[in-house]
Amino acid sequence: MAQLPGPLPEPSPDPLSEPGHDPLSEPGHEPLSEPGQGAGNDAGNDAGTDAGADYGADAGIDLTSLLSQIGQVQQNLQDAQASAAAQVVEGSSGGGMVKVGMTGGLDFRSVTINPAVINPADPDLLSDLVLAAVRDAVEKANELQRQALGSFDPSAGLGGLGGLLGGPEPPG
């Protein structure tokens with residue numbers, strides 16, 4: 001076992017820990033707030049009256065109504081998505097020689113290939129045309145979804161709380 005090289009030095013007195021010393025009374029120190037005011041939980045503060053902490057009935061927010069509005073917005077969003085998913089779009093390539101039908105929900109319904117484009121000597125051409133038609137159909141299905149949701153504003157009807165949900169603040 002290792003031994004320490006002699007006795008430990010005596011700690012120096014800390015002037016801040018002397019009896020009767022009040023660090024808040026030092027020059028240059030200003031209190032954060034008057035008693036009974038501010039952001040603390042002082043006995044003089046009534047619940048709900050702290051600065052910036054206006055909760056409850058006086059806050060002007062009807063939570064039941066807000067939850068009802070959020071439920072309605074969610075239902076509208078689901079209806080718009082379902083409507084777009086049910087519609088069928090058609091992508092094409094090669095001047096209409098290859099066509100791909102799919103729903104707005106990206107469910108493939110059909111592939112139509114004009115026999116004139118089938119060339120056994122050049123199978124890559126057919127592959128490229130099918131791929132281009134699929135991409136065209138997916139682009140159209142995505143546009144259909146954008147259009148269905150384009151008028152959807154998640155902050156509409158939320159009593160100005162859109163900024164809390166990451167959306168733009170409503171005009172004031």
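Summary of computed values
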read-out	value
3J(HN,Hα) from dihedral phi, segment 117-127, Karplus parametrisation 6.51/-1.76/1.60, rounded to Hz, x for glycine, proline	8, 7, 10, x, 6, 9, x, 5, 4, 5, 4
Estimated FRET transfer efficiency (Gln87, Asn114; beta-carbon r; R0 35 Å; 0.05)	0.90
Under Karplus coefficients 6.51, -1.76 and 1.60, residue-wise ³J(HN,Hα) of segment 81-93 in Hz, glycine/proline x	5, 5, 5, 5, 5, 7, 7, 10, 10, 10, x, 9, 8
For segment 139-149, Karplus couplings with θ = phi - 60° (6.51, -1.76, 1.60), whole Hz, Gly/Pro x	4, 5, 5, 5, 5, 4, 5, 4, 5, 5, 9
Long-range amide H partners of Val89 with built H, under 5 Å	Met102, Thr103, Gly104
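Values quoted throughout were computed directly from the atomic coordinates according to the rules given, and no laboratory measurement underlies them. This structure is a prediction, so every number in the text was calculated from the model and none was measured. Neighbour counts run over all protein chains shown; Cβ positions are idealised from the backbone, glycine included.
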